[in-house]
Amino acid sequence: MEYLQNYLLVSAILFSLGLFAVITRRNAVAVLMGVELILNSANINFVAFSRFGGMNFSGHVFALFVIIMAAAEAAVALAIIINLYNNYQSINVDEASQLKR
Amino acid sequence: MSEFLFWFITALTIGSALMVVLHSNLVYSAIALIVTLFGVAGFYVFLWADFLAGVQVVIYIGGILVLILFGIMLTNKISSVNISHSNLNKGVGAIVVLGIFVIMVRMIFNTPWLQLSKPEPSQTVGEIGRLLMTHYLLPFEVASILLLAALIGSAMLSRKEN
């Protein structure tokens, strides 16, 4: 717990898992969960560098901005997903090519 | 003790993240995501970011995860009990992700990182507030406009036609 590398490794694992979800999942909500994992891994990196590196509290502020952006992104993405469901009766990202038809 | 706690939180976070990615039932995935987000909040505490840990619990677990659960419930018919789906192209995806992961691990262990031994800050909230009101004032205001735009946009997208 006293080394930067531990945190970077955990963050790399979370990033890889999130990327795997984004690539392979077909359900749009599951893709959204993968994006949340990726954003969390970036946040761990920001805070770890602010603890060990030279960026003092700027890392905390940036992590805060990332959390704000994640909230906005989740709201808009779920609105799009519900719109998609109303039009197609499924939220499979392979079939979704238009928002309106 | 804290060493043990750190590795416990690490195992919990990675295990539940695996469940998020691989479980076929979406509701279980969302519940596992709660555990992952709590684990990340634990990492923030280890990294002396107590305020961020609180924000993580309030916004991610109290807000975003409830939104995701709503999304799962609204996009599945109540009568169909089985809320599941399988992954697509698992093999190709695993190879690509594993390659990226190996590159990242090599980068992490080969780079000579700057590691300063700093004293633990007595408070973080005051310093974050000072930075938000001085150095990062413009991004702060832009973030509020972004939230307003997301609010209006999502309300407009999800309302019924006519």
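The values are calculated or read from the model by the stated rules, or taken from the named source; none is laboratory data. Bear in mind the structure is a predicted one, so any value in this text is a computation, not a measurement. Don't worry about glycine lacking a Cβ; one is built from the backbone with ideal geometry, like all the others, and counts go over all protein chains shown.
Meeting the requirement of 2 or more residues that are at the interface with chain A (Cβ under 7 Å from one of its Cβ atoms) and within 19 Å of A:G59 (Cα to Cα), the helices (runs of 4 or more DSSP H) wholly within region B:1-58 are B:26-46, B:50-55. Tallying residues that are touching a residue at least 12 places away in the same chain (Cβ under 8 Å) and more than 13 Å from A:A28 (Cα to Cα) within region A:70-87 yields 3.
Once region B:1-13 is narrowed to residues that are among the aliphatic types (A, V, I, L, M) and surrounded by fewer than 16 Cβ atoms within 10 Å (Cβ to Cβ), the residue that is modelled with the lowest pLDDT is B:M1. When A:G54 is tested against (1) under 19 Å from B:S154 (Cβ atoms); (2) facing chain B (nearest Cβ under 7 Å); (3) not in a helix (DSSP H, G or I), exactly one condition is not met: (1). Filter region A:1-33 down to residues that are buried (at least 19 other Cβ atoms within 10 Å of the Cβ) and more than 7 Å from chain B (Cβ to nearest Cβ), then give me how many there are. Adding up the residues that qualify gives 6.
Take the residues in region A:48-60 that are surrounded by 24 or more Cβ atoms within 10 Å (Cβ to Cβ) and either within 10 Å of the chain's Cα centre (by Cα) or without any contact (Cβ under 8 Å) to a residue 24 or more places away in the chain (or both); name whichever of them is farthest from B:I61 (Cα to Cα). Top of the filtered list is A:S50. For region B:120-135, a tally of residues being touching a Phe, Trp or Tyr at 6+ places or on another chain (Cβ under 8 Å) and either crowded, with 16+ Cβ neighbours inside 10 Å or more than 10 Å from chain A (Cβ to nearest Cβ) (or both) returns 6. Looking only at region A:61-87, filter to residues that are at the interface with chain B (Cβ under 7 Å from one of its Cβ atoms) and of a type outside the set (A, V, I, L, M); which one of those is surrounded by the fewest Cβ atoms within 10 Å (Cβ to Cβ)? Across region A:61-87, the extreme among qualifying residues is A:N83.
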